[in-house]
Amino acid sequence: ITVYVVSLGSTAETVEKLALRIAGCIAGALAGTAAIVFLMPALTSIGELMAVVAIGAGLSAWVAFGSPRIAYAGFQIAFAFFLCVIQGAEPAFDLTIARDRTIGILIGNLVVYLVFTRVWPVSIAARVEQALAALREQWARLASPGYAGKRRADVAAALARGRALREDVALMHYEPSWVRPGPQWLTAHHRELAGLAALEAPMLLLVERQPAAATIEGWLQRLAAVAHGQPPRVDATTTTQRPAPDVTDPPSAALQSLGDARLDEFERAASADAAKE
């Protein structure tokens, strides 16, 4: 039995890799079995065996250099294909060896799945919460008048962090139900990240033109309140009132109006979803 240690930072990432590994193993084993049944009996030299291996490696490489979502499976297709086809220094067609090696891989992956979903589960939710809070703070800092960093480079970093967060939330469907947060948590974070994606362009252009701390902070507060089904927070230090557009700077006023319009649309969609629920 071949046990692979494929644990990553969370159960979701581990299960995603396990799914790709198992899918690749099955595809490679089927291709290897077909080669043993239909091609190996006709091979008579090591050169012909190398040609079959090269064809399998080429097809596996084509998958491996494809979409990042399936690229990992390409390596597993090649591995399983090689285990089935390469049984020695000459062409061979023993199906028992191919069967046993494939079963060993699958059992090893099952053991890893049980360990990292039952014995040592780690949800990706905590990482999402920390990264989302850091992203909100990063946008608020970027919009402050006294920001001392390289605003353009840091804006690019904020955009990259937002994309990584959306990918992390998308990975959560790989988590078993006993590890994954509840549906309310998932809905709220899907909504907030979708709203942040809609506001990225206005915020990017607004902080490039002039500091807009009040505007962007108000947007972020409204977005968080709507996504989590809470009333906007208003106290002595913060407010969700919309700042008046700067009529002396028409492009900035237009960006502010665009962000407000997108938030209004987002609020209407969230209200409609809540009514349906």
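The values are calculated or read from the model by the stated rules, or taken from the named source; none is laboratory data. Because the structure is predicted, anything quoted here is derived from the model rather than measured. Note: ideal-geometry Cβ built from the backbone for every residue, glycine included; neighbour counts use all protein chains shown.
A single entry from GLY28, GLY32, GLY58 fulfils the requirement of being surrounded by fewer than 20 Cβ atoms within 10 Å (Cβ to Cβ), outside any loop (DSSP other than H, G, I, E, B), at pLDDT 90 or above and more than 22 Å from the chain's Cα centre (by Cα): GLY58. Candidates in region 142-179 are the residues that are under 21 Å from LEU196 (Cα atoms) and of a type in the set (Asp, Glu); of these, the one that is surrounded by the fewest Cβ atoms within 10 Å (Cβ to Cβ) is GLU167.
Residues that are buried (at least 18 other Cβ atoms within 10 Å of the Cβ), aliphatic (A, V, I, L, M) and under 30 Å from ILE86 (Cβ atoms) do not occur anywhere in region 121-135. Of the residues that make up region 38-47, is at least one part of a helix (DSSP H, G or I), surrounded by 13 or more Cβ atoms within 10 Å (Cβ to Cβ) and either of a type in the set (A, V, I, L, M) or within 28 Å of the chain's Cα centre (by Cα) (or both)? Checked region 38-47: at least one residue is part of a helix (DSSP H, G or I), surrounded by 13 or more Cβ atoms within 10 Å (Cβ to Cβ) and either of a type in the set (A, V, I, L, M) or within 28 Å of the chain's Cα centre (by Cα) (or both). Scanning region 164-192 for residues that are closer than 14 Å to THR14 by Cα and not in a helix (DSSP H, G or I) turns up GLU175, PRO176, VAL179, ARG180. Within region 208-224, is even one residue touching an Asp or Glu at 6+ places or on another chain (Cβ under 7 Å), of a type outside the set (Asp, Glu), in the same structural domain as LEU132 (by TED's automatic domain parsing) and modelled with pLDDT of 85 or more? Scanning region 208-224 turns up at least one residue that is touching an Asp or Glu at 6+ places or on another chain (Cβ under 7 Å), of a type outside the set (Asp, Glu), in the same structural domain as LEU132 (by TED's automatic domain parsing) and modelled with pLDDT of 85 or more. For SER67, the conditions (1) at pLDDT below 90; (2) of a type in the set (S, T, N, Q); (3) surrounded by 13 or more Cβ atoms within 10 Å (Cβ to Cβ) all hold with the exception of (3). For region 95-119, a residue qualifies if it is free of Cβ contacts under 8 Å to residues at least 24 places away in the same chain, of a type outside the set (A, V, I, L, M) and more than 18 Å from LEU83 (Cβ to Cβ), and exactly one does: ARG118.
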